1. Go through (1) of a type outside the set (F, W, Y); (2) surrounded by fewer than 23 Cβ atoms within 10 Å (Cβ to Cβ); (3) under 23 Å from A:V41 (Cα atoms) and name the single condition B:G288 misses.
2. Going by what's in this entry, would A:G16 be described as within 14 Å of chain B (Cβ to nearest Cβ) and on the phi > 0 side of the Ramachandran plot?
3. Has the stretch A:63-74 got any residue that is open to solvent by 20 Å² or more (accessible area, probe 1.4 Å) and touching a His at 6+ places or on another chain (Cβ under 8 Å)?
4. What about A:A87, is it open to solvent by less than 20 Å² (accessible area, probe 1.4 Å) and either within 26 Å of A:V221 (Cα to Cα) or outside any helix (DSSP H, G or I) (or both)?
5. For residues in the stretch B:168-196 being more than 14 Å from chain A (Cβ to nearest Cβ) and free of Cβ contacts under 8 Å to residues at least 40 places away in the same chain, which is farthest from B:H286 (Cα to Cα)?
6. Quick one: how many residues across the stretch B:246-263 are of a type in the set (A, V, I, L, M) and within 12 Å of another protein chain (Cβ to nearest Cβ)?
7. Cβ-Cβ distance below 7 Å, separation of 6 or more or different chains: which pairs start in the stretch A:39-59 with a residue that is within 14 Å of another protein chain (Cβ to nearest Cβ) and end on one that is buried (at least 24 other Cβ atoms within 10 Å of the Cβ) and among the hydroxyl-bearing types (S, T, Y)?
Amino acid sequence: MIAALIALAIIAVGTGAVSIPPLDVLQAVRGMGEEGVVSIVQNLRLPRVILAALIGAALGMSGGALQGTLRNGLAEPYLLGVSGGAAVGAVIAFGTGAISNGVIAISAFAGATAAVMLALLVARAAGSGGRGDPRTLLMAGVVIGAFANAVIMIALANAPPNTIRGALWWMMGSVADTSWPGVGWLAAYVILGGAALIYWAREIDILALGEESAAALGVDVESAARRIYLLSALLAAATVAAAGLIGFVGLIVPHIVRAAGIRHHRPLLLASALVGATLVTGADLVARTVRPPGELPLGAVTAILGVPFFLAQLRRIA
Amino acid sequence: MFSRRAAVAILIAFAACTRSDAPPSRESDDFGDAIASGTAPVRIVSLNPATTDLLFALGVGQRMVGRTHWDLYPDSAKAVTDLGTGLRPNIEAVLGVKPDLVVLYASQDNRNAARQLRAAGVNTISLKIDHIADFHRAARLLGRIVGDSARGAAVSDSVARTIELVRAATEKLPKRRVFWHIWDAPLITIAAGSYMTELITIAGGENIYSEMPEPSPTVSIEDVLKRNPEYIISGPEGAIKIRSDPRWSAAPAVKAGRVLVADTTLVGRPSVRLGEAAASLAELLHPGVLR
């Protein structure tokens with residue numbers, strides 16, 4: 001899997017409007033070769049491919065952890081208000097005329113975090129006796145997502161055409177505007193957040209057994225669930241800030257991994273990260289090469305590539 | 001007796017004169033709806049920055065009772081009631097200013113608005129002004145409709161003259177290959193469907209995306225690099241972005257400092273200042289050419 005990901009990454013860096021042979025790619029990464037090629041590889045393709053892989057990894061892990069914790073195969077990072085909150089933040093940034101990617105990323109992240117916190121508070125207030133029922137949490141996330149959608153529609157209803165086009169494009173997900181600082185930020189998040197999730201993977205295993213069993217095994221269910229929930233949501237929020245909404249990955253990738261027979265969450269999270277990274281890297285390669293000179297929305301391509309694969313596995317998943 | 005006959009003769013001559021000027025039996029707008037010819041309108045709503053600018057140039061600015069949020073030229077247009085964004089307009093708000101003529105941009109977004117306004121009995125003309133020829137047609141048509149055909153022709157001719165001057169001045173010069181940066185994320189440029197591509201050609205340039213039929217397609221930055229434009233034209237904000245963004249540093253035009261800042265207030269509308277817009281672009285691409 002790791003080898004497949006690396007091979008795909010090299011192909012992805014070499015393919016595009018200007019085609020670069022694999023050996024030249026490796027040279028250009030080290031800053032050698034023709035100046036134009038080095039610049040395309042180092043400033044355009046490499047950050048883009050790395051960002052796509054990081055996003056896939058983050059969403060895969062986030063989805064795997066949430067599905068285990070909430071014991072619900074339909075759970076996914078975007079269901080918990082992350083996407084809606086982030087989109088509200090981004091649309092507000094677009095509306096104020098911000099064209100800097102940094103501003104949009106920060107306000108998307110702020111929006112996502114606010115929505116997640118709100119979902120947690122609502123679930124907590126609604127939960128009986130302080131114990132957050134996972135279903136309440138899911139409901140709170142879904143409702144906050146619906147509220148966020150309404151806010152977005154109101155904000156966009158009277159926006160100028162370029163704002164609408166920019167906001168829609170952002171909501172469809174794209175890694176076209178990747179910069180090295182953006183890659184650095186997301187890498188830090190994915191490494192720290194991913195490591196923390198993998199560290200607590202045993203707790204997810206226990207939570208996945210059900211609350212009573214978990215409590216019987218001496219796990220503080222509520223605080224463990226909340227910790228993992230928060231980590232997963234922040235991981236997803238970071239990807240949204242970096243590249244907009246890329247749906248489907250967080251939902252499907254953990255299922256594909258489980259279909260391969262992996263049940264324990266430590267290997268499951270690692271494998272989800274790899275599968276997610278491969279899927280998004282491949283999807284971005286398709287998104288930017290299939291219809292030149294334009295690009296397709298990455299979020300749609302991940303689903304179009306992933307769904308047939310998922311369906312082929314469906315019997316084993318069910 | 002004599003004076004009466006003279007008066008009749010003058011009336012007939014006048015009628016004949018307006019007659020020759022009048023539209024053929026059935027003329028339609030860009031939605032295919034018939035254009036009604038009747039008395040000159042006195043309460044005009046224009047929901048397209050280009051036609052608002054044009055109506056002021058036709059000298060009927062005082063008859064304007066509604067405009068879009070973006071119609072800020074000429075300065076006096078700002079005093080006209082703001083009726084929103086111009087696409088999918090609020091029909092009640094439009095009817096609220098009691099117009100006897102509404103000029104819409106003929107995009108699919110406005111199809112229903114045109115129907116509803118016509119159903120409400122308001123003379124409505126929808127014009128798709130995307131090319132320079134569309135502007136000339138609109139100038140003559142609206143001139144006739146507001147009762148001043150001569151002025152409509154004059155506005156059109158004046159723009160045509162300036163454009164011809166610019167074209168003649170740049171004709172023999174080498175064509176500059178240009179990428180026009182409209183928007184950053186997604187990366188939007190202009191192509192054959194836009195008057196801006198015509199402006200580039202008149203100004204002695206060549207749009208690197210002139211083979212695409214759309215007005216404003218989305219393209220990828222890699223494809224722009226592959227086409228390797230000599231010059232990049234952009235608005236002031238976009239230029240700052242391009243000059244500072246490492247992704248653009250691979251473009252020879254950026255390295256050579258050939259990122260040109262266009263006057264967006266001039267080039268942003270296909271209207272009465274099209275000639276000036278062409279001239280300003282020519283000055284950007286071939287400095288000193290018009291001196």
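The values are calculated or read from the model by the stated rules, or taken from the named source; none is laboratory data. Everything numeric here is computed off the predicted structure, so don't read it as measured data. Glycine gets a Cβ as well: all are built from the backbone with ideal geometry, and neighbour counts include every protein chain shown. When the accessible area is computed, the model is the full protein with side chains, heavy atoms only, and any ligands, DNA or RNA have been set aside. Shrake-Rupley method; radii C 1.70, N 1.55, O 1.52, S 1.80 Å.
1. (3)
2. Yes, satisfied.
3. Yes, there is a match, as at least one residue in the stretch A:63-74 is open to solvent by 20 Å² or more (accessible area, probe 1.4 Å) and touching a His at 6+ places or on another chain (Cβ under 8 Å).
4. no
5. Top of the filtered list is B:A168.
6. Within the stretch B:246-263, residues that are of a type in the set (A, V, I, L, M) and within 12 Å of another protein chain (Cβ to nearest Cβ) number 3.
7. Once the first residue is within 14 Å of another protein chain (Cβ to nearest Cβ) and sits in the stretch A:39-59, its partners that are buried (at least 24 other Cβ atoms within 10 Å of the Cβ) and among the hydroxyl-bearing types (S, T, Y) give A:P47/A:T178; A:R48/A:T178; A:V49/A:T281; A:L51/A:T178.
Results for (1) open to solvent by 20 Å² or more (accessible area, probe 1.4 Å); (2) within 30 Å of B:L87 (Cβ to Cβ), shown as yes or no for each residue.
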| position | (1), (2) |
| --- | --- |
| A:A155 | yes, yes |
| A:A167 | no, yes |
| A:A195 | yes, no |
| A:E212 | yes, no |
